[in-house]
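What follows is a single structure, written as structure tokens, with notes after it.
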Amino acid sequence: QVQLVESGGGLVQPGGSLRLSCAASGFTFSSYAIGWYRQAPGKQRELVALITTGRTTTYTDSVKGRFTISRDNAKKTAYLQMNSLQLEDTAVYYCKTTRELRDYWGQGTQVTVSS
């Protein structure tokens, strides 16, 4: 079955960096786009970054120039490199793929930016 497992979250000071990973199984990873989303307390889940099968990337405005999404098809893993982290980046981060019109989500990984 399709499974996505995020890792790499944690507590970091403002200005710090983290790299999140999204390990995939149960489907042909290279054939599907992967998105990173986040949900802060009391807020709606939002798309942070997306990478297509052709490695085209898009970012929400608030993370442009700070975050980088990438994928390693051989490892069936997507990454989100987060630099210059800000307090407002605190959230649970999820990866998602859509296969045959159905969305598949990971369980999420907590990122806390605090001094």
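The values are calculated or read from the model by the stated rules, or taken from the named source; none is laboratory data. Predicted model only: the values in this text are computed from it and were never measured. Note that each Cβ is placed from the backbone with ideal geometry, even for glycine, and that neighbours are counted across all protein chains shown. With ligands, DNA and RNA removed, areas are computed over all heavy atoms of the protein, side chains included. Shrake-Rupley method; radii C 1.70, N 1.55, O 1.52, S 1.80 Å.
Could we say that Ser115 is under 11 Å from the mean Cα position of the chain (by Cα) and farther than 21 Å from Gln39 by Cβ here? So Ser115 does not fit the description; no. Take Leu87 and tell me if it is open to solvent by 60 Å² or more (accessible area, probe 1.4 Å) and touching a residue at least 40 places away in the same chain (Cβ under 8 Å). Criteria met by Leu87. Close contacts from the stretch 96-115, counting a first residue that is closer than 27 Å to Gln86 by Cβ and in contact (Cβ under 8 Å) with a residue 12 or more places away in the chain and a second that is of a type in the set (S, T, N, Q) and open to solvent by less than 90 Å² (accessible area, probe 1.4 Å), with Cβ to Cβ under 8 Å and a gap of 6+ residues or different chains, come to Gly108/Gln39; Thr109/Ser7; Val111/Thr90; Thr112/Thr90; Val113/Gln86; Val113/Thr90; Ser114/Thr90.
Each residue in the stretch 53-71 was checked for being open to solvent by 50 Å² or more (accessible area, probe 1.4 Å) and part of a loop (DSSP other than H, G, I, E, B), and 6 of them qualify.
Within the stretch 4-29, residues that are in contact (Cβ under 8 Å) with a residue 40 or more places away in the chain reach partners that are of a type outside the set (Ser, Thr, Tyr) and part of a helix (DSSP H, G or I) with beta carbons closer than 8 Å, at six or more positions or on different chains, in the pairs Pro14/Leu87. Among strands (runs of 3 or more DSSP E) entirely within the stretch 1-52, having at least 3 residues that are at pLDDT 95 or above and farther than 20 Å from Val63 by Cα singles out 3-7, 18-25. When every residue of the stretch 75-83 is checked against the conditions, at least one turns out to be at pLDDT 95 or above, within 20 Å of Leu11 (Cα to Cα), open to solvent by less than 70 Å² (accessible area, probe 1.4 Å) and more than 10 Å from the chain's Cα centre (by Cα). Kindly provide the set of residues from the stretch 7-36 that are open to solvent by less than 50 Å² (accessible area, probe 1.4 Å) and over 20 Å from Glu100 (Cβ atoms), ordered by number. If the condition is that a residue be open to solvent by less than 50 Å² (accessible area, probe 1.4 Å) and over 20 Å from Glu100 (Cβ atoms), then Gly8, Gly9, Gly10, Val12, Gly16, Leu18, Leu20, Ser21, Ala23, Trp36 are the ones that fit. The set of residues from the stretch 91-107 being touching an Asp or Glu at 6+ places or on another chain (Cβ under 6 Å) and either exposed (fewer than 12 other Cβ atoms within 10 Å of the Cβ) or within 9 Å of Arg38 (Cα to Cα) (or both) comprises just one member, Cys95.
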